[in-house]
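*Asks:* Below are the structure tokens for one structure; questions will follow.
What follows draws every value from the coordinates through simple rules; no lab data is involved. Source: prediction; values computed, not measured. Ideal geometry is used to build each Cβ from the backbone, glycine not excepted, and the neighbour counts take in all protein chains shown.
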Amino acid sequence: MSHRPSNLFTNPPRLPLVAPSILSADFARLRDDCAHVLDVAAGDLLHVDVMDGHFVPNLTMGPAIVRSLRAALPEAFLDVHVMVTDPIQYVKPFAASGANHLTFHVEPALDPLAGAGMSPLSGGGAGYDPLELVEEIHAAGMTAGLAINPGTSAETVLAQPGWVEAMDLILVMSVWPGFSGQAFIPEVLATAKAIKPKLGPNQRLEMDGGLGPETAIPAREAGVDVLVAASAVFGQPPSERAEAIRAIRG
Ligand code: DX5
Ligand code: ZN
């Protein structure tokens, strides 16, 4: 087993952490918006949403953006959430670009048809083994997370021997991934509550989608300790982002 990296997620100075998602930032002002949200508005890290147009119906950003953020903000913790059918081929590119953490989805690993109809240039992608992927992510120097969609039960993950123990973070999606600004799906709180007791002190429970000052309350009560928010932070004028983050933190 490879060495597990130690970082903000495994050894947090405080909890919960608030993770502004740059999906709702102004990409033409990305450095300034990100520096402000970390240094002035007291966000704990940056959440980077990577979408491939296959696993989700949207295209966003890739390793080049991470490389630019790393160069512009050497101290920032970069939490990369890949919503792609084939995460394997992106582990090394994101590590080389300066990502600290990589979360991948369980659904393409479970669905043997997930890669059907994809371009051969995609490298395929169905049926990867999450435990092998975690090994690769750790070997590349990043911590690893497993994400589940609103339609995926907690049992899907809990029933697999060793999966939860291997992860540094479990991400429970509270919207169907693809776009920021969607409404929070409260049914996923039960999923978070089922997973929380299985996690140790160095493992995080992240929630992502539709979180703001109001919906963060039941999320925190369910044991969530990393709260991702795109529109609730970057959708506010810069002068109001510190208060938005403070309210989400609780
Ligand atoms: C959704 C992404 C989220 C998204 C959240 O597909 O994974 O990180 O940016 O956006 P809000 O906070 O606006 O729901
Ligand atoms: Zn995300």
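*Asks:* Compute the semi-axes of the equivalent ellipsoid of the range 1-82, taking the square root of 5 times each eigenvalue of the Cα gyration tensor, and list them largest first in whole Å. Walk me through the numbers before you get to the answer.
*Replies:* Working: eigenvalues 88, 68, 30 Å².
Computed over the range 1-82, the values are 21, 18, 12 Å.
*Asks:* For a Förster distance of 30 Å, can you work out the FRET efficiency between the beta-carbons of Gln89 and Ala190, rounded to the nearest 0.05? The partial results should precede the final answer.
*Replies:* Numbers: r = 34 Å, r/R0 = 1.13.
Efficiency at R0 = 30 Å is approximately 0.30.
*Asks:* Hey, what do the phi angles of the range 3-15 turn into as Karplus ³J(HN,Hα) couplings, whole Hz, using 6.51/-1.76/1.60 and θ = phi - 60°, x for Gly and Pro?
*Replies:* Each residue's phi maps through the Karplus curve to give 5, 8, x, 10, 7, 4, 6, 7, 9, x, x, 7, 9 Hz.
*Asks:* Further question: Over all distinct alpha-carbon pairs, what is the Kirkwood Rh of the chain in angstrom? Please report the intermediate quantities before stating the final value.
*Replies:* Details: mean 1/r = 0.0560 Å⁻¹.
About 17.8 Å, per the Kirkwood formula over Cα pairs.
*Asks:* Which values, in whole Å and largest first, are the semi-axes of the equivalent ellipsoid of the range 49-104 obtained as the square root of 5 times each eigenvalue of the Cα gyration tensor?
*Replies:* 20, 11, 9
*Asks:* Treat the count of other C-beta atoms within 10 Å as a stand-in for reagent exposure and order Thr152, Thr103 from fewest to most.
*Replies:* Thr152, Thr103
*Asks:* Continuing with the same structure: Placing +1 on the Cβ of each Lys and Arg and -1 on the Cβ of each Asp and Glu in the chain, which of Gly53, Tyr90, Pro238 has its Cα farthest towards the positive end of the resulting dipole?
*Replies:* Final value for the positive-end residue is Pro238.
*Asks:* Which percent, to the nearest 5, of DSSP beta bridges fully inside the chain are antiparallel?
*Replies:* 5
*Asks:* Related question: Looking only at GluC sites (Glu not before Pro) in DSSP loops with at most 14 other Cβ atoms within 10 Å, what is the longest site-free stretch of the chain?
*Replies:* Counting only loop sites that pass the neighbour cut-off, the longest clear stretch is 76-186.
*Asks:* Please identify the chymotrypsin sites (Phe, Trp or Tyr not before Pro) of the range 155-250 that satisfy two criteria: DSSP loop assignment and at most 12 other Cβ atoms within 10 Å. Which are they?
*Replies:* Values: sites: Trp163, Phe179, Phe184, Phe234; in loops: Phe179, Phe184.
Those that pass, being in a loop and sparsely packed, number zero.
*Asks:* Sticking with this structure for a sec: Starting from the amide H of Thr103, placed 1.01 Å from N in the peptide plane, find each other amide H under 5 Å away whose residue is 5 or more places distant or on another chain.
*Replies:* Answer set, sorted by chain and number: Val80, His81, Val82, Gly145.
*Asks:* Report, in deg cm²/dmol and to the nearest 500, the calculated mean residue ellipticity at 222 nm for the chain, where each DSSP H run with n ≥ 4 adds -39500 (n - 2.57) and the sum is divided by the residue count.
*Replies:* Helix-only estimate at 222 nm: -7500 deg cm²/dmol.
*Asks:* Continuing with this model, one more query. So which trypsin sites (Lys or Arg not before Pro) in the range 1-61 end up in coil per DSSP with only 10 or fewer other C-beta atoms within 10 Å?
*Replies:* Arg14
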